[in-house]
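The values are calculated or read from the model by the stated rules, or taken from the named source; none is laboratory data. Note that the structure is a prediction, hence the values are computed from the model and not measured. Every residue, glycine among them, receives a Cβ derived from its backbone with ideal geometry; neighbour counts consider all protein chains shown. Heads up: the accessible areas ignore ligands, DNA and RNA and are worked out on the full protein's heavy atoms, side chains in. Shrake-Rupley method; radii C 1.70, N 1.55, O 1.52, S 1.80 Å.
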Amino acid sequence: MATGQRPFEGKSPSEVIEQIVHSAPKAIGRLNYEVPPELERIIRKCLEKDPGSRYQAAREIVIDLRTLKRDSSPGMTRPVQRPARRRATVAAIGTLLVAAALLAAAWHLRSRGHGGPAIDSIAVLPFANGSNDPQAEYLSDGITESIINSLSQLPQLKVMSRSTVFRFKGSGADAQNIGRQLNVRAVVSGRVSQMADRLVVAAELVNTADGAQLWGERYSRPMSDILTIQEEISREISEKLRIRLSGAEQQRLTRRHTEDPEAYQLYLKGRYYWNKRTASNLERAIASFHQAIEKDPRYALAYAGLADSYALLPEYAGARAEESMLKARAAAQKALELDESMAEAHATLALVEAHFFNHAASEAEIKRAIELKPNYATAYQWYSLHLRRFQRLDEALETILKARELDPLSPIINLNVGLEYYTRGEHAQAIREYESLLSLDPGFAWARTYLGRVLVSVGRCDEALEHLRAGADGTERAGEAVGWLAYGEARCGNVSAARQLLVELLDYFRQGRGAGLELAAVHVAFGDHEHALTQLEEGHAKRDPSLVDLPAEPELAPLRPHPRYRELVRRMGLPP
């Protein structure tokens, strides 16, 4: 107000934060030479980087401004100012006094609940890595994910999931615009820098409606305080949003799963690798989680991470399904032994029990996960798959749409939305879902495979095979993708190509890596139902986890009238 310019400027909120943290404000005298030294002192005191050096209360600012106004008025015994300068000084002081009064009134109204619509939804955007060291990326990603997980504990607050917000990582898009795109009322953004043994975190909370900063803070602490920083940010945000927390909710918000900062950093590394979803990175994740457990054998979150990693090995690394799922079950059970309230471990255990056809246990675990963490999109996604298996299709669709509401940009959740429509026979809607997903993420190979399946069912063979071939290559010849390609080739009359793929698929199956369901589907496409049923029976004997979805897959529908099929699904505890 005194100069007509901001003290710190940048192209984005993160750049402004960087300026605030590391740069001196612009020289006031150079911008307006008529600002008296005392007013410049007051403004500079407001801009001190050390909170203890700033004004501690608005009343202190008002006293200094009134004193300056009095001393600047005509008739005071002090060095005479030029009239123009005196008028500028009095005008600036008056403006600041009015601003102080307006801010006080606005704060009073906000505290009384009249500050506009309540903020009941939030997106925590990926914190920028300010260290200029790619090896420190796990810190900025990990702190972001930890804040998301903490805030997701609050039932009154809708929190965008990690997979949705991380699609904006490195985009340079304005935080306020991202918030509007995600239809949330507030956005958190920030920057993380590691400087030797110190961690510097700058964060701010912005109102999406008007871009107003609701809260901002800079933390410069030893690396050993990393847990405290994450907790303080979550607590400050909940306080600024004026969320009323019960004692149990307050405890969950600030709960520490370990007191060892090194174990916590190893856990963050594990999650960083786990989120990359490749065979090599899953192995790195497993190693990091094991190292975290060595540091703190009672670290429940690290066991949960280990369970998640083993559960994904069959799909992303072609590991033997039964061996991996047994390890995943043991790790999830250990996590829950240490902390029964951990929603993520309940959800993973539900996934594991489903693969072993323990459906009642699976449903109980996934319901417990949702009860503990109502904002957990993955739990709704996996529950929708359970409902689909049991042909509760209306509930399944409602549940997967709830997952998408919480995590609108998640590729895997959107993939499952299309799958639900396909299962219901709503082929046009399923095709629209997959085409929309591919427009959002052209490189998502599984969307190609699943779109190809639907296109085969409606007789659009040329398009279907193009997508199915791209899907098989894009997933690095994953058994499921190769299986649906073989099915498509057979249905479209390319028998020779289908039989060549069958050899590849049988090798995959014999190694205990799944694909029994897709093998049976290929035989259905050949019109050989007896061989298809034999394949399913052999898969059940091998505990092939792919068979858990047997009753829901449209491609296997021709087998349903057969007595052998009915007996098989009965033994698996599934509906005919």
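How big is D for the stretch 116-246, in µm² s⁻¹ as a whole number, if Stokes-Einstein is applied with the Kirkwood radius of its Cα pairs at 20 °C and 1.002 mPa s? Walk me through the intermediate numbers first.
Working: Rh = 14.8 Å.
D = 145 µm²/s.
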Mean ellipticity per residue at 222 nm, deg cm²/dmol - from DSSP H runs of n ≥ 4 across the chain, formula -39500 (n - 2.57):
-19500 deg cm²/dmol
What FRET efficiency would be calculated for the residue pair residue 38, residue 398, taking the C-beta separation as r and a Förster radius of 56 Å, to the nearest 0.05?
0.30
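For the stretch 475-576, which whole-number percentage of the solvent-accessible area (1.4 Å probe, protein heavy atoms only) is attributable to carbon and sulfur atoms?
Values: 1980 of 4080 Å².
It is 48 percent, rounded to a whole number.
Working with all protein chains in place, sort 224, 152 by solvent-accessible area computed with a 1.4 Å probe, largest first.
My answer, sorted largest first, is 224, 152.
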Hey, could you grab the Kirkwood Rh for the stretch 498-576? Inverse mean 1/r over distinct alpha carbon pairs, Å, one decimal.
12.4
Using all C-alpha to C-alpha distances in the stretch 260-395, build P(r) with 5 Å bins and read off the rounded percent in each one.
2, 12, 19, 23, 21, 14, 6, 2, 1, 0
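Among 278, 348, what's the order by accessible area (1.4 angstrom probe), most exposed first? Mind showing how you got there, number by number?
Values: 278 55, 348 0 Å².
Sorted by accessible area, descending: 278, 348.
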Here the net charge surrounding residue 167, from other residues whose Cβ is less than 12 Å away from its Cβ (Lys, Arg +1; Asp, Glu -1), is 0
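May I ask what percent, to the nearest 5, of DSSP beta bridges between residues of the chain are antiparallel? Numbers along the way, then the final one.
Numbers: 19 of 26 bridges.
Taking every DSSP beta bridge within the chain, about 75 percent pair in antiparallel fashion.
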Distance in nm between label sites at residue 8 and residue 55, each 7 Å beyond Cα in the beta-carbon direction?
1.9
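Based on alpha-carbon positions alone, could you give the equivalent ellipsoid semi-axes of the chain from the gyration tensor, as √(5λ), descending, whole Å?
On the way: eigenvalues 670, 115, 84 Å².
One finds semi-axes of 58, 24, 20 Å for the chain.
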For the stretch 181-187, take each phi angle, set θ = phi - 60°, evaluate the Karplus expression 6.51 cos²θ - 1.76 cosθ + 1.60, and give the result in whole Hz per residue in order, putting x for glycine and proline.
4, 8, 6, 10, 8, 8, 9
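For the stretch 130-242, what % of the accessible area comes from carbon and sulfur atoms, probe 1.4 Å? Don't skip to the end; give the middle numbers.
Values: 1700 of 4380 Å².
Carbon-and-sulfur percentage of accessible area, whole number: 39.
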Using the alpha-carbon atoms, what tilt in degrees (0 to 90, nearest 10) does helix 516-526 show relative to the longest principal axis of the chain?
60
By how many degrees, between 0 and 90 and to the nearest 10, does the Cα long axis of helix 279-295 differ from the longest principal axis of the chain?
60
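Can you pull the percent of the stretch 265-362's accessible area that's carbon plus sulfur, 1.4 Å probe, other chains left in place? Please list the in-between numbers first.
Working: 1790 of 3680 Å².
Carbon and sulfur atoms account for 49 percent of the accessible area of the stretch 265-362.
I want the local charge near residue 283. Using Cβ-Cβ distances under 14 Å, sum +1 for each Lys or Arg and -1 for each Asp or Glu among the other residues.
Values: positive: 269, 276, 277, 284, 327; negative: 308.
That sum, taken over residues with Cβ under 14 Å, equals +4.
If a/c stays under 1.5 just call it rounded; otherwise compare a/b with b/c (prolate if a/b is bigger, oblate if not). Do that for the stretch 453-533, with a ≥ b ≥ c from the square roots of the Cα gyration tensor eigenvalues.
It comes out oblate by the Cα gyration axes.
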Return the unpartnered cysteines for the chain, using a Cβ-Cβ cut-off of under 4.7 Å.
46
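Between residue 371 and residue 246, what FRET efficiency comes out of the Förster formula 1/(1 + (r/R0)^6) with R0 = 22 Å and r the beta carbon distance, rounded to 0.05? Let's see the in-between values first.
Working: r = 15 Å, r/R0 = 0.69.
According to the calculation, E is roughly 0.90.
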Mind checking the full-extension length gain between residue 183 and residue 564? Use 0.36 nm per residue of separation minus the Cα-Cα distance, one decimal, nm.
132.1 nm
Exactly which GluC sites (Glu not before Pro) in the stretch 413-484 are in a DSSP loop and have at most 15 other Cβ atoms within 10 Å?
476
Using +1 at the Cβ of each Lys and Arg and -1 at the Cβ of each Asp and Glu in the chain, identify which of 301, 165, 414 lies farthest towards the dipole's positive end.
165
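Of 325, 1, which has the most accessible area and how do the rest follow, probe 1.4 Å?
Details: 325 10, 1 140 Å².
Sorted by accessible area, descending: 1, 325.
Taking the Cβ-Cβ separation of residue 391 and residue 360 as r and a Förster radius of 22 Å, what is the calculated FRET efficiency to the nearest 0.05? List each step's numbers first, then the result.
On the way: r = 16 Å, r/R0 = 0.74.
Once the sixth-power term is evaluated, E becomes 0.85.
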Can you give me the accessible area per residue for the chain, using a 1.4 Å probe, in Å²?
45
Work out the length of the dipole vector of the chain about its Cα centre, built from +1 on the beta-carbon of each Lys and Arg and -1 on the beta-carbon of each Asp and Glu, and round it to the nearest 20 debye.
2600
For the pair residue 63 and residue 1, how long in nm is the line joining their label points, each one 7 Å along Cα→Cβ?
2.0
